[in-house]
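Written out below as structure tokens is the structure these notes cover.
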Amino acid sequence: MKLYEETKKEQEIFRGRIIRVHVDDVLLENGSASKREVVEHPGGVSVAILTEKNELLFVRQFRYPYKQVLLELPAGKLEPGEDPFEAIKREQKEETGTVGSCYIPLGEVYPTPGYCGEIIRLWACRASGEPGELDLDEDEFIEVERIPLDKAVEMVLNNEIPDAKTQIGVLKTAKLVEQGKL
């Protein structure tokens, strides 16, 4: 088995401000033809910001696809050509008014690999002091919330935080703290 699908033809269906959607004709490894629907996304970044009191900074915001307010780690999409590490520092400042130190990369997350090419790069960091003034986009409305790290882990394990990048960021950060690395 090669575990590979060869793209034979790509047909763009939609191009928006953030995503592009196309349907591809593919050749499977057994010689059969199939179709794949793909959402292209520029990727994103997220950061687990840990305070001096071992509290994580979260943001609450309305997420339109789910029609509900979600509790998430600060995050944002990458601009074309933007360095992911610079993007996370920008998003952190915009969404929490904090500046971090001791950044540790937590890896990449493929949130929906069945149809979307989005990659989210994760970091954890320390931040001192109180959150400062937010610098949000015109169409962005969030509330910043502090939650003790242990409580955040419990919330993930109790299915109170459905966001995948946040679950991963919280659990990896907790492990780094447990190991004395953050």
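Which of ASP25, ASP163, ASP135 comes first, and how do the rest follow, when ranked by fewest Cβ neighbours within 10 Å? Can you show the working numbers first?
Details: ASP25 14, ASP163 20, ASP135 11.
Lowest to highest Cβ neighbour count: ASP135, ASP25, ASP163.
Note on the chain: GNM, Cα springs under 10 Å; of SER46, SER32, SER128, the largest mean-square fluctuation is that of SER32. Only Cα pairs under 8 Å and 6+ residues apart enter the sum, and on that basis the relative contact order of the stretch 97-182 stands at 30 percent.
Ranked by how many other Cβ atoms sit within 10 Å of their own Cβ, fewest first, the residues ARG60, ARG121 fall in the order ARG60, ARG121. When you restrict to C-alpha pairs under 8 Å that are six or more residues apart and normalise by the size of the chain, the relative contact order lands at 22 percent.
So what is the calculated 222 nm ellipticity per residue for the chain, using -39500 (n - 2.57) for each DSSP H run with n of 4 or more, over all residues, to the nearest 500 deg cm²/dmol? Numbers along the way, then the final one.
Numbers: 3 runs with 37 residues, N = 182.
Value at 222 nm, helices only: -6500 deg cm²/dmol.
Sorting LEU176, LEU28 by the number of Cβ atoms found within 10 Å of their own Cβ, with the fewest placed first, yields LEU28, LEU176. Residues considered: CYS116, CYS102, CYS125. Largest GNM mean-square fluctuation over the chain, using C-alpha springs under 10 Å, is found at CYS102. Of interest is the spacing of the C-alpha centroids, which for the stretch 132-155 and the stretch 1-23 amounts to 35 Å. Fully extending the segment from THR112 to ARG17, taken as 0.36 nm per residue of separation minus the present Cα-Cα distance, adds 32.2 nm.
Cross-link partners for LYS175 among the lysines, with Cα-Cα distance under 29 Å and sequence neighbours closer than 8 places in the same chain left out: LYS53, LYS77, LYS89, LYS93, LYS151, LYS165. Label sites at GLU29 and GLU52, each approximated as a point 7 angstrom past Cα along Cα to Cβ, lie 5.5 nm apart. Beta bridges assigned by DSSP with both partners in the stretch 38-176 are antiparallel in approximately 75 percent of cases.
Shape index of the stretch 44-178: Rg/Rh, with Rg the Cα radius of gyration and Rh the Kirkwood radius from the inverse mean 1/r over Cα pairs, equals 0.93.
Throughout, read-outs are computed from the coordinates displayed, never taken from laboratory work. Quantities reported herein were computed from a predicted structural model and do not represent experimental measurements. All Cβ positions, even for glycine, are placed from backbone atoms using ideal geometry, and neighbour counts span all protein chains on display.
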